[in-house]
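Each value in this text was obtained by applying a stated rule to the coordinates, not by laboratory testing. Source: prediction; values computed, not measured. FYI the Cβ positions are ideal-geometry reconstructions off the backbone, even for glycines, and counts take in every protein chain you see.
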Amino acid sequence: MLLPAVAMDRLGTESAFEVLARAQTLQAQGRDVINLGIGQPDFPTPGHIVEAAVKALRDGHHGYTPANGIPPLREAVARDMAHHRGVTVDPDDVVVVPGGKVTMAFAIQMFGEPGAEILYPDPGFPIYRSMIAFTGAMPVPVRLYEANGFSFDADEVLGQITPRTRLLIVNSPANPTGGVVPKDELDKLVRGLAEHPHVAVLSDEIYARMVYDNVPHASLTTYPELQDRLILLDGWSKTYAMTGWRIGWGVWPKAMAPLATRLAINVNSCVNAATQWAAIAALEGPQDEVDAMVHAFDDRRLRILELLNALPGVRCARPGGAFYAFPNIEGTGLTARQAQDRWLADASVAVIAGTSFGDLGEGFVRFSYAASLERIEEAVARIALWLEAQP
Ligand code: PLP
């Protein structure tokens, strides 16, 4: 009999992939499924980025690269950090990895071990909790509040810190809620963290470019007092519609960048070379397609918000970022899981149960509005009909 490590029993998953598989099975049977379950832009990668990858392959970039990424790419990331966040970053502290998820896994593995505690947002991206548990550390949920647009309360977070806390994970704009942590809440958090110098911070800012209502993105990288303990997670997947290319970047505290690179050497060697050249084209090339995409997301956000709030038993907080709406469905009498399963089976609309993002997601479902306005309208109309037909 094979004996996988017991840690494997603690490893969770991301149900979005399971719902996607079920939706695709129904589609293969001829059903017209509207998929608002998956968290990826419905736009293609801009053409000049694709061309840069093709050129890189033609130019012979076929071999291993430095494990932390080719120097011109890490320099381009540093320029991007200066341009979009106004911070100075040493390209040596940038570690390029195969997707934002890998920075997350590296940071959690670097701090997680039995006896350690790691704070993570709930409802939040499910991989945080999964990876924390995998390392043997204790996952400690930080509660996000619907009434605060799914922000946390900084005093409450600070009150959860113990001598065993090693890492605090912050995600703004957030998956699955679209929530944005206001700047003054971050200020308060950072002030309080001065009392807890043993706590590192992982700031997952993968949705940083997708913010709305003229509220600029507030980045934890702009606080110099966190510089020696902040890990920034960002990447190309969402901003440039590059989820399948598998590339992301981390900016690490100077002392930790070599450790992240060592993990990369052990796990993935490097990101594929052509993708790295494409990533330079993404950062340095025209940004008009990114702007147009964010604009389209904003229009859809306002429309879906209006439509969801008109459904009986449903109310939806205004998402400030990303491309998700996270309505409260308690008034429908459905659990999150029932809504997910019934709406897919009966109405052919794929959404994700809030409980896939943590226990505090009960009573909510996630709509990804990465679909055309027409499909979004059709999806909510189907749910409205389904709700009306209930006894
Ligand atoms: N962080 C959050 C909050 C996400 O929602 C995702 C993807 O869904 C990631 C990180 C991972 O992104 P990537 O596809 O670059 O690994």
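Extension gain, residue 82 to residue 17: 0.36 nm times the residue separation minus the Cα-Cα distance gives 19.9 nm.
For an R0 of 30 angstrom, estimate the FRET efficiency from the Cβ-Cβ distance between residue 8 and residue 265 and round to the nearest 0.05.
On the way: r = 24 Å, r/R0 = 0.79.
Efficiency for this residue pair is about 0.80.
Cβ-to-Cβ counts within 10 Å put 146, 225 in ascending order as 225, 146, the fewest first. Between residue 299 and residue 160, the FRET efficiency estimated from the beta carbon spacing at R0 = 56 angstrom works out to 0.90. In this simple spin-label model, placing a label point 7 Å from the Cα along the Cα-to-Cβ direction at both residue 214 and residue 198 gives a separation of 4.6 nm. The trypsin sites (Lys or Arg not before Pro) of the range 127-189 that DSSP puts in a loop, and whose beta carbon has at most 16 other beta carbons within 10 Å, are 164. The range 26-110 has equivalent-ellipsoid semi-axes of 31, 20, 16 Å, by the square roots of 5 times the alpha carbon gyration tensor eigenvalues, sorted largest first. The angle separating the long axis of helix 71-85 from the principal Cα axis of greatest extent in the chain is about 60 degrees. Principal axis extents of the Cα atoms in the range 63-284, from largest to smallest and rounded to whole angstrom, are 48, 43, 30. Size of the chain: Rg and Dmax of its alpha carbons, in Å, are 20.8, 64. At a Förster radius of 45 Å, what calculated FRET efficiency corresponds to the Cβ-Cβ distance of residue 90 and residue 374, to the nearest 0.05? Calculated transfer efficiency: 0.45. Derived scalar couplings between HN and Hα for the range 354-365 equal x, 5, 5, 10, x, 4, 6, x, 4, x, 10, 10 Hz in order, rounded to whole Hz, by the Karplus curve 6.51 cos²θ - 1.76 cosθ + 1.60 (θ = phi - 60°), x for Gly and Pro.
Remark: spin-label model distance residue 24-residue 362 equals 3.2 nm, labels positioned 7 Å along the Cα→Cβ axis. The C-alpha atoms of the chain define a longest principal axis, and helix 373-388 lies at about 50 degrees to it. Modelled this way, with points 7 Å down the Cα-to-C-beta line, the labels at residue 43 and residue 184 are 3.3 nm from one another.
The long axis of helix 336-347 is offset from the longest Cα principal axis of the chain by roughly 60 degrees. For residue 385 and residue 318, the difference between the fully extended length at 0.36 nm per residue and the C-alpha to C-alpha distance is 21.8 nm.
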